[in-house]
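Below: the structure, in structure tokens.
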Amino acid sequence: MFEYAYGVNEWFEAGAYLPLYSVTRGGDFRINGGKLRALFAVPEAEKRTFFYAVNFELSYNARHWEQDRIAGEIRPIIGGRFGPVDFIVNPILDTGFDGFGALDFAPAVRLAYNFSPRWGAGFEHYADFGQLRHIEPASQQQHTLFAVVDYSDDPFAAEFGIGHGFTQASDDLVLKLILTRSF
């Protein structure tokens, strides 16, 4: 998927994921929809010991991809930097715009060590506990742990990760690759 982002000013970034797509196990290419996003962040977060932001996403989804045609995400970002170590928490809430109790709690956590300004490595945990009105039993929750490596040298950045799911509801193996080019 491609993400386009524009830094409007030092505390606001607008972006879009267009198109959302996947390739099926049978090799078919499927369009899944698109997303718009707005990120509000404390200025110069990369220089701070404590930083915070909130990201809002609005998506239009194909029925084969998501049960809700229109969906959203609220992603608070709370982070601390302790020398070369970053610790970031995202208590994410997903919504199909069908009531407060139907909000889905899908938090993420990242712990990383920065070897240099260009290289870092760490662990990321992604979870999905289910709707706030009905937290799923542990066996039906999703829990995936990734080992990640980051590289950044303006104008390029990359993140590679390999993840393993720890519950029946999680994928056994997940690979992720994020490539970034700044203009």
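Quick note: the coordinates plus some simple rules give every number you see, no bench work behind them. All values reported here derive from a predicted model rather than from experimental measurement. Don't worry about glycine lacking a Cβ; one is built from the backbone with ideal geometry, like all the others, and counts go over all protein chains shown.
I'd like the FRET efficiency for Ala158 and Val89, computed as 1/(1 + (r/R0)^6) with the beta carbon distance as r and R0 of 22 Å, rounded to 0.05.
According to the calculation, E is roughly 0.40.
Both the radius of gyration and Dmax for the stretch 97-183 are 16.0, 45 Å, in that order, over alpha-carbon atoms.
Each 10 Å bin from 0 upward holds the following percent of the Cα-Cα pairs of the chain: 9, 29, 43, 18, 2. Inter-part distance, the stretch 32-47 to the stretch 66-93, computed on C-alpha centroids, equals 10 Å. Would you work out the relative contact order for the stretch 13-115, in percent, from Cα pairs under 8 angstrom that are 6 or more residues apart? In percent, rounded to a whole number, it is 18. Under a Gaussian network description of the chain, with springs only between Cα atoms under 10 Å, the residue in Thr144, Thr49, Thr24 that fluctuates furthest is Thr24.
Charge dipole of the stretch 2-97 (Cα centre as origin; +1 on each Lys and Arg Cβ, -1 on each Asp and Glu Cβ, all else neutral): 180 debye, rounded to the nearest 20.
Between Met1 and Asp172, what FRET efficiency follows from the Cβ-Cβ distance if R0 is 22 Å, with the result rounded to 0.05? Between Met1 and Asp172 the formula returns 0.50.
How big is the dipole moment of the chain about its Cα centre under a simple scheme where the beta carbon of each Lys and Arg is +1, that of each Asp and Glu is -1, and everything else is neutral? Debye, nearest 20, please. Intermediate results must be reported in sequence, preceding the final value.
Working: 15 positive and 23 negative charges, 16 e Å.
Using only the charged Cβ atoms, the result is roughly 80 debye.
Here is the list for the stretch 1-30: chymotrypsin sites (Phe, Trp or Tyr not before Pro) lying in DSSP coil, each with at most 11 other C-beta atoms within 10 angstrom of its C-beta, are Phe2.
Which net charge results when you count Lys and Arg as +1 and Asp and Glu as -1 among the other residues whose beta-carbon is under 13 Å from that of Glu3? Please list the in-between numbers first.
Details: positive: Lys35, Arg37, Arg181; negative: Glu13, Glu57, Glu159.
Around Glu3, the surrounding residues sum to 0.
Projecting the Cα positions of Asn32, Asn9, Ile77 onto the charge dipole of the stretch 1-85 (unit charges on Cβ atoms of Lys, Arg, Asp and Glu, taken about the Cα centre) puts Asn32 furthest along the positive direction. With N the number of residues in the stretch 1-74, Rg(Cα) / (2.2 N^0.38 Å) evaluates to 1.36.
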